[in-house]
Amino acid sequence: NLKQYLQAEDTVVEAINAAERVDDHYLLYACFIQLAFLENLKGNITEAVESFRQARQEAIGLNDAYLQVLVDINISDIYHSNNLYSQSLMYLDQAQALMIKQHLNEPSFTMMIWVNKIENYFNMGNVDSLAKYNRRLFAINLHDPRLYTCRQRSLYSLELLRGQYNQALNRLAMLKKDPI
């Protein structure tokens, strides 16, 4: 309930103040992330994005590309959930570029970025870009139990955009019976 969110937010703000006093940038990063999630749950999208940006500034100060990429993915999710697909894609591109620049080999991040791009392109009706990331998703070598589901979802999304409704419905029916 809202009262609990407000209490949690007050606690996080106190932790931010304490972290600033002791100059603990990892703790500041973690607190800004938590504050962003709380603000997003309350529906304060602008404040959530600002808190994520503050977390990103801490990650930049720490020179931690891993943390920066996580923030970019989270900001992208907020924009996506608010139908701001171009902004969402901008943050996914930023995360992907940072991974390349910093030689950050994190296949699970790559998968998350591509899956999120697929969802954005589906919502934008961009079949060519969706197909491109669908192919990439099938080429990735990753042992993650979510990968199968993500691949299947990307396939039926692609089928829907291509107007292959019967194939998409058949795939969905097959997946419903699939024990995985």
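The values are calculated or read from the model by the stated rules, or taken from the named source; none is laboratory data. Values in this document were obtained by computation on a predicted structure and should not be read as measured data. When we count neighbours, we look across all protein chains shown, and the Cβ atoms used for this are built from the backbone with ideal geometry, even at glycine. Just so you know, the surface numbers come from the protein's heavy atoms only, side chains and all, with ligands and any DNA or RNA stripped out. Shrake-Rupley method; radii C 1.70, N 1.55, O 1.52, S 1.80 Å.
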Q) Quick one: would you say Tyr26 is in contact (Cβ under 8 Å) with a residue 12 or more places away in the chain, within 30 Å of Phe122 (Cα to Cα) and of a type outside the set (S, T, N, Q)? A) no
Q | Odd one out for Asn116, checked against (1) open to solvent by 40 Å² or more (accessible area, probe 1.4 Å); (2) in contact (Cβ under 8 Å) with a residue 24 or more places away in the chain | A | (1)
Q: Just need a number here: residues in the stretch 125-140 that are open to solvent by 50 Å² or more (accessible area, probe 1.4 Å) and within 24 Å of Pro179 (Cβ to Cβ).
A: 1
**Q.** Entirely in the stretch 12-106, the helices (runs of 4 or more DSSP H) that have 2 or more residues that are in contact with a Phe, Trp or Tyr (Cβ under 7 Å, 6 or more places away or on another chain) and surrounded by fewer than 18 Cβ atoms within 10 Å (Cβ to Cβ)
**A.** 25-42
Q) Which condition breaks for Tyr79 when tested against (1) of a type outside the set (A, V, I, L, M); (2) under 24 Å from Glu47 (Cβ atoms); (3) in contact (Cβ under 8 Å) with a residue 40 or more places away in the chain? A) (3)
**Q.** Counted residues, the stretch 150-180 - those being of a type in the set (Lys, Arg), open to solvent by 70 Å² or more (accessible area, probe 1.4 Å) and in a helix (DSSP H, G or I)
**A.** 3
Q: Considering only the stretch 84-141, state which residues are of a type in the set (S, T, N, Q) and under 18 Å from Gln68 (Cβ atoms).
A: Gln87, Ser88, Gln94, Gln96, Gln102, Asn105, Ser108, Thr110, Asn116
